[in-house]
Amino acid sequence: MAKKWLVGTLMAIMLFSLMGCGDSKAVNNKSETKKVLKVGTNPNFAPFDFMDSDGKMAGFDIDLIHAIGKKIGREIQMENIAFDGLIPAIQAGNIDMTIAGMTITEARKKSVLFSDPYYQSGLIVAVKMDNSQIQSIHDLTGKKIAAQIGTTGAMSARKIEGATVREFNASPETFMELKNNGVDAVVNDLPVVQYFIKTNGAKDFKMVGEVLSAESYGIAMNLKNTELAAEVNRALAELKKSGEYDKIYEKWFGQKSPQK
Ligand code: ARG
C-alpha cells in the first residue's frame, strides 16, 4: 500500500514538473504571456538605464528588476519608453511597471503606486570646468539650464527665478548643450552626473554646490496593483538581505551599498 502511494506521488511530481517545463518553453502560449511582466524604462540614464555598446539595455535598474523577476517567478520584458510617457503607460495598462531611476514624489504618488525605495539619490548642478561664476544653485538666477524631460531636475530648475529651462530626452544631450554653450548649467540626478563626468567628461565638466534634495527611487506600478507591489517589496527585501542587492550595487557604483 505504502509503495503504491509513493509511486503515485512520484508520478504526480514528475507530471507536474513536466507540465512546468512545457510551460516555460512555449513562449507564445497563453499561460506564458500571463507570466511576462512588462517593464518600461527610459534608457538614457546611465548607470541606471542605458543602451550598451551591443544595443542591449543595461544598468543597475535592469539588473535589479531581473533579480526581482526571478524572485517572484515572472519573466521580465523591457520596453523602451520616453520618460514622460512612463506614468501614462502604467495608467493605460500598456506596461505593468517601470524602473527608471524614478524619484518617488507626492505628485506622482497620486498617479502610480511606488514600491519601497531602492536607491537614495539627489539632484546636483553641473557646469563647464572653466566656469568660476556658478558655484551653486544660488548662482543660477536668470541663467539657462538644461535638464531631462519630465524629471525632478527639470522641475527644480523651473523654480529658479528668471531661469530658462531647456529639456532634452537624454542626459548626454544636456551635457552636449552645455559643452556648446547653449546653456550655463545642467541640473540632473547626482549619480547620473557623476557617472557621466567619470566616463565621458572628466576634463570638460564639474559639479558645484551641495546636493539639492534627498530623493529616493521607486518602482512604479498601477495604483490598483497592490498585490504586485507587495510581491516586489518582498523580493526587494529578500535581495537586500541575501546580499544580491549589494552585488548589483557594487557592480555599477564600484563601492559598497550604503543602505541595509
Ligand atoms: N530621478 C529623476 C526623476 O524621477 C530622473 C529620472 C530619469 N530617468 C530616466 N530613466 N530617464 O524625475
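The values are calculated or read from the model by the stated rules, or taken from the named source; none is laboratory data. Keep in mind it's a predicted model, so treat the numbers as computed, not measured. FYI the Cβ positions are ideal-geometry reconstructions off the backbone, even for glycines, and counts take in every protein chain you see. Side chains included, ligands, DNA and RNA excluded: accessible areas come from the protein's heavy atoms. Shrake-Rupley method; radii C 1.70, N 1.55, O 1.52, S 1.80 Å.
Observations
- Any chance S121 is modelled with pLDDT of 95 or more and within 12 Å of the ligand (Cβ to nearest atom): yes
- The set of residues from the stretch 189-207 being in a helix (DSSP H, G or I), more than 16 Å from the ligand (Cβ to nearest atom) and among the hydrophobic types (A, V, I, L, M, F, W, C) comprises just one member, I197.
- A residue that is closer than 18 Å to L212 by Cβ and within 15 Å of the ligand (Cβ to nearest atom) occurs nowhere in the stretch 77-95.
- The number of residues in the stretch 240-254 being over 20 Å from D49 (Cβ atoms) and not in a helix (DSSP H, G or I) comes to 1.
- Considering N200, N169, N180, N131, the condition of being of a type in the set (S, T, N, Q), over 22 Å from N44 (Cβ atoms) and surrounded by fewer than 17 Cβ atoms within 10 Å (Cβ to Cβ) is satisfied by N131 alone.
- In summary, I62 fulfils each of the numbered conditions (1) of a type in the set (A, V, I, L, M); (2) farther than 22 Å from Y245 by Cα; (3) surrounded by 19 or more Cβ atoms within 10 Å (Cβ to Cβ) with the single exception of condition (2).
- Contacts under 6 angstrom Cβ, first residue in the stretch 145-156 being under 11 Å from S171 (Cα atoms), partner more than 7 Å from the ligand (Cβ to nearest atom) and basic (K, R), 6 or more apart: A146/R166
- Among residues of the stretch 158-172, those that are touching a residue at least 40 places away in the same chain (Cβ under 8 Å) and either away from the ligand (no atom under 11 Å from the Cβ) or in a helix (DSSP H, G or I) (or both), counted: 2
- Among the residues making up the stretch 96-110, a single one is among the small types (G, A, S) and either open to solvent by 40 Å² or more (accessible area, probe 1.4 Å) or more than 8 Å from the ligand (Cβ to nearest atom) (or both): A107.
- Of the residues making up the stretch 73-85, those that are closer than 16 Å to N222 by Cβ and open to solvent by less than 50 Å² (accessible area, probe 1.4 Å) are I81, G85.
- Residues of the stretch 210-239 classified as in contact with a Lys or Arg (Cβ under 7 Å, 6 or more places away or on another chain) and either among the charged types (D, E, K, R) or without any contact (Cβ under 8 Å) to a residue 24 or more places away in the chain (or both), total: 1
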